[in-house]
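**Q** Sharing a structure, written as structure tokens. Questions coming.
Please treat every number below as a calculation from the coordinates, not as lab data. Since we're looking at a predicted model, the values are computed, not measured. No Cβ is skipped: glycine too gets one built from the backbone with ideal geometry, and neighbour counts run over all protein chains shown.
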Amino acid sequence: MASSYSTDLKLELMVTGENAGTWGDNTNNNLNLVQQAVAGYEAISIAGGVGTTALVMSDATISNARNAVIKFTGTITGNRTVTIPNSIEKTYLLENGTTGAFTVAFKTVSGTGVTFSATDKGFKQVFSDGTNVVDVPLGVPGGSNTQIQFNNSASFGGNANFTFDGTNVLLDAEGALRLGDNAGNAYVGLKSPATITGDTAYTLTLPVATGSADQILVTNGSGVLSFADNSGGTSWQAVKTSGFTAVGGEGYFCNTTGGAFQLLLPASPTIGDEVSFVDYAGTFDSNALTIGRNSEKINGATADLTVSVERAANTLVYTDGTQGWLLKSK
């Protein structure tokens, strides 16, 4: 009685007493066919225009339809179809490695199947039930509400307030981004305010470099951040004992023990510029400090200011050309 062949993988089914002297070879051939079905990989070119490439499953012979993994290759210039025999019951892992924006269908000769879209150069896991080819959606990672995972709604862990839109990770409802310390006992959190003025969303873009020591973050008004020198506050200078020209933002300890002298205010000041001074030795009453206006007004007057009060401490702030420098404190 002659051998027959299995329906699905076309393995040789030998009967008792058959293939004397070749039974071992035939068995080894069957094992190779099983290996191809379980672990076989083949890249198959389906290059061309609209048309069909038929894969085959031959009796007891290495055949391209028997592979476990099949990669479609080649440049396609039209929609392509790849078929397998109707009788096959088998699983496949498919990769669309073709070049060209056209569809690739994988189906049985007379049944239905699955289709890679024109832009889908990915993978599909499928099985043939002997009539049709059925898509098996590739699974997503497991997880829980305490683990990050993708799901069909693009949310993580089943939490609708933690989502991914394909470009951005979204933390809604004032969710905080928490950066934990090494010990896991504390964290630094970043979160949105409860209400954004005008309900206008905005993005802050970080600087491209780390900046220098003591610099601060500033915005250009459109959310682009950069590092800048800290111009706030007063930068106090060493004790002055003779006349000098002041700089906006600086403070001066003025010692008139050796005689009266002048503090000349900055030229071409801008609104908000400040100059501070202090009677260092308590001698302004005997040796006055003169504040030279340097072509700007002081308290609205075109005259220098004479400070002759012992232990005087003052700050002048510049306003405009009408009032000039005004005393901020006396």
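**Q** Can you put Leu190, Leu265 in order of Cβ neighbours within 10 angstrom, beginning with the fewest? Mind dumping the intermediate values first?
**A** Details: Leu190 10, Leu265 25.
Ordered by Cβ neighbours within 10 Å, fewest first: Leu190, Leu265.
**Q** Relative to the Cα centre, what is the charge dipole magnitude of the chain, using +1 at the beta carbon of each Lys and Arg, -1 at the beta carbon of each Asp and Glu, and rounding to the nearest 20 debye? Walk me through the intermediate numbers first.
**A** On the way: 16 positive and 27 negative charges, 55 e Å.
So the magnitude is around 260 debye.
**Q** Name the residue farthest towards the positive end of the dipole of the chain from the options Tyr5, Val224, Gly175, assuming +1 on Cβ of Lys and Arg, -1 on Cβ of Asp and Glu, about the Cα centre.
**A** Most positive-ward Cα: Tyr5.
**Q** Let me ask you something else. Rounded to the nearest 500, what is the chain's calculated 222 nm mean residue ellipticity when only DSSP H runs of at least 4 contribute -39500 (n - 2.57) each, over all residues? Display every interim value, and only then the final one.
**A** Details: 1 runs with 17 residues, N = 330.
Computed ellipticity for the chain at 222 nm equals -1500 deg cm²/dmol.
**Q** Could you identify which residue out of Asn299, Asn168, Asn132 has the top mean-square fluctuation in a GNM of the chain using Cα springs shorter than 10 Å?
**A** Asn299
**Q** Answer with a single label: of (i) -0.31, -0.41, -1.37, -1.47; (ii) -0.26, -0.35, -1.27, -1.43; (iii) -0.63, -0.69, -1.14, -1.21, which was calculated as log10 I(q)/I(0) by the Debye sum over Cα atoms at q = 0.07, 0.08, 0.15, 0.16 Å⁻¹ from the structure in view?
**A** (iii)
**Q** What fraction of the DSSP beta bridges in region 202-330 is antiparallel, stated in percent and rounded to the nearest 5? Each step should come with its number before you reach the end.
**A** On the way: 17 of 33 bridges.
In region 202-330, approximately 50 percent of DSSP beta bridges are antiparallel ones.
**Q** Okay, moving on. Using 0.36 nm times the number of residues separating Ala68 and Glu42, minus their current alpha carbon distance, what extension gain do you get?
**A** Working: separation 26, 0.36 × 26 = 9.36 nm, distance 0.85 nm.
Taking 0.36 nm per residue and subtracting the Cα distance, the gain is 8.5 nm.
**Q** Between Val188 and Thr91, what FRET efficiency comes out of the Förster formula 1/(1 + (r/R0)^6) with R0 = 41 Å and r the beta carbon distance, rounded to 0.05? Kindly include the intermediate steps, with their values, before the conclusion.
**A** On the way: r = 49 Å, r/R0 = 1.19.
That gives a FRET efficiency of 0.25.
**Q** Determine which residues of region 37-78 fall in the zone a paramagnetic label at Leu13 would reach in this model, i.e. backbone nitrogen under 20 Å from the point 7 Å along Cα→Cβ.
**A** Backbone N within reach: 37-38, 57-63, 66.
**Q** Related question: Take Thr270 and Leu31, extend 7 Å from each Cα along the Cα→Cβ direction, and tell me the distance between the two endpoints in nm.
**A** 8.6
**Q** Taking the Cβ-Cβ separation of Leu225 and Asp120 as r and a Förster radius of 41 Å, what is the calculated FRET efficiency to the nearest 0.05?
**A** On the way: r = 40 Å, r/R0 = 0.96.
That pair, Leu225 with Asp120, gives E of 0.55.
**Q** Let me ask something else. Determine ³J(HN,Hα), in whole Hz, for all residues of region 287-292 in sequence, where each value follows from phi through the Karplus function 6.51 cos²θ - 1.76 cosθ + 1.60 and θ = phi - 60°; x replaces Gly and Pro.
**A** 10, 5, 9, 9, 9, x
**Q** Another question about this same structure. Please state the relative contact order of the chain as a whole percent: Cα pairs under 8 Å, 6+ residues apart?
**A** Working: 698 pairs, mean separation 22.6, N = 330.
Worked out over the chain, it gives 7 percent.
**Q** Then there's this: Please list, in order along region 295-310, the HN-Hα scalar couplings obtained from phi with the Karplus expression 6.51 cos²θ - 1.76 cosθ + 1.60 (θ = phi - 60°), rounded to whole Hz, x for Gly and Pro.
**A** Karplus values, whole Hz, x for Gly and Pro: 6, 9, 7, 10, 6, x, 10, 8, 8, 5, 10, 9, 10, 10, 9, 4.
**Q** Give me Tyr41, Tyr318 ranked fewest to most by other Cβ atoms within 10 Å of their Cβ, as a rough exposure proxy.
**A** So the residues, fewest neighbours to most, are Tyr41, Tyr318.
**Q** I would also like to ask the following. At a 10 Å Cβ-Cβ cut-off, how would you order Ile76, Ile271, fewest neighbours first?
**A** Details: Ile76 24, Ile271 8.
Least to most surrounded, the residues fall as Ile271, Ile76.
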